[in-house]
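Report on one structure; see the data block that follows.
The values are calculated or read from the model by the stated rules, or taken from the named source; none is laboratory data. Not measured: the values here are computed from a predicted model. Positions of Cβ are backbone-derived with ideal geometry, glycine not excepted, and every protein chain shown enters the neighbour counts. Quick note on the areas: whole protein, heavy atoms, side chains included, nothing else; ligands and nucleic acids left out. Shrake-Rupley method; radii C 1.70, N 1.55, O 1.52, S 1.80 Å.
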Amino acid sequence: MIDYNDIYKQRLNTLHQEGRYRVFAPLERLCGQFPKAIYHAPDGSSKQVTVWCSNDYMGMGQNKVVLEAMHNAIDNHGAGAGGTRNISGTQKLHVDLEAALADLHQKEAALVFSSGYVANEGALSTLIKLLDAPIIYSDALNHASMIHGIKSGKGEAHVYRHNDIEHLESLLKKSDPMRPKIIAFESVYSMEGDIAPIEEICALAKQYNAMTYLDEVHAVGLYGATGGGIAEERGLLDQVDILEGTFGKAYGLMGGFITGSHAMIDAIRSFAAGFIFTTALPPATLAGALASVEYLKTSEIERMRAHSNAKYLKQQLDKNNLPYLKGDSHIVPLIVGDAHCCKAVTDTLLKEHDIYVQPINYPTVPKGTERMRLTATAAHSKADIDKMVSVLTALYQEHEILNLKTA
């Protein structure tokens, strides 16, 4: 007899032994008090903590304009969408939001998905399947959703070294000029905090007659004059064929989207299983997303605060010689280098200092590069940043960090 439960227990035990078993922290977000939240401990106790790993980069999840739009949508349209987009689920809010997104990226069309993950998997797999013997070039650090989409598409795939233009070109040079090609990459890499050389990649795409697919999930809302992302900030929107984004980060909600030409977007709409067979997002989410997108097209206050806080955090980390990856984005990965140690650090921060950060371990990042992914949002104060750096400095000095797993 096969003991199925025992097999799964063994797999879980391996995670525990390697120090990378994931533990959820039940948080109760406090409207109007972000980044503060109530942490509910396993023993039934609770306390207020400061969240340092949120993707709600500008606190838009509690923006009054967004909340009002969501309340109005519930009052006017009820709770659910009532079906898939094909079967009664498409609402006028979908149409309005997609028009706003197309305008955001200066593209002909847009399509909203239930999540950023589904958008990447559905769009990439469909684009690949509809081409004749395509070749896909994927950055080595692309998100799991992009890798899933590329694998599902079943085209010939090549992985180029992270942000390595020379390696990418060497692969392109070997390809058949007559075969269709897609270069898939991100703008802001969330675990590294760095930014892709978008202009150089687009130039190679033009030279070798390839499509470009750019994931801007960590950049939309936060970069560019209207929140269009890094491509907008660098004046490259017209160089990218498909842009993908999310409402789950800087826009403060949930859901994903793509923008591009009418033909490409309509093809994905018509063939992507992840889009066709998924219940549509509810009215309140759509209304909130639309309000957030339109608000951030004109408001610079939140962007300025977020970037200012990220800059100040980096300055304080530098001042105290704390080891972070020095990318150009707002994301600050603080390296620990050991799974057990990383868990011990974050446990200490939570238990003794009321600071919540989730440890980032394998397979999200390679073994030996475990880290804390810090995000100083627009809602953090200078006092929040000073406390965080002070506590981290004391921990690093007291335990020499790598010894924390035995402390």
Checklist entry - Where in the range 145-249 are there strands (runs of 3 or more DSSP E), lying wholly inside it, with at least 2 residues that are more than 20 Å from Leu101 (Cβ to Cβ)? => result 156-160, 181-186
Checklist entry - Just wondering, is there one or more residues in the range 166-184 that are crowded, with 21+ Cβ neighbours inside 10 Å and free of Cβ contacts under 8 Å to residues at least 40 places away in the same chain? => result yes
Next on the checklist: Suppose we filter the range 34-58 for residues that are in a loop (DSSP other than H, G, I, E, B) and open to solvent by less than 90 Å² (accessible area, probe 1.4 Å); how many remain?
Outcome noted: 12
Item to check | Filtered residue count, the range 94-125, keeping only those that are crowded, with 24+ Cβ neighbours inside 10 Å and either among the β-branched types (Val, Ile, Thr) or touching a Leu at 6+ places or on another chain (Cβ under 7 Å) (or both) | outcome: 3
Checklist entry - All but one of (1) open to solvent by 30 Å² or more (accessible area, probe 1.4 Å); (2) in contact with a strand residue (DSSP E or B) (Cβ under 7 Å, 6 or more places away or on another chain) hold for Gly83; which doesn't? => result (1)
Next on the checklist: Just the residues that are of a type in the set (A, V, I, L, M, F, W, C) and exposed (fewer than 10 other Cβ atoms within 10 Å of the Cβ), please, taken from the range 8-26.
Outcome noted: Phe24
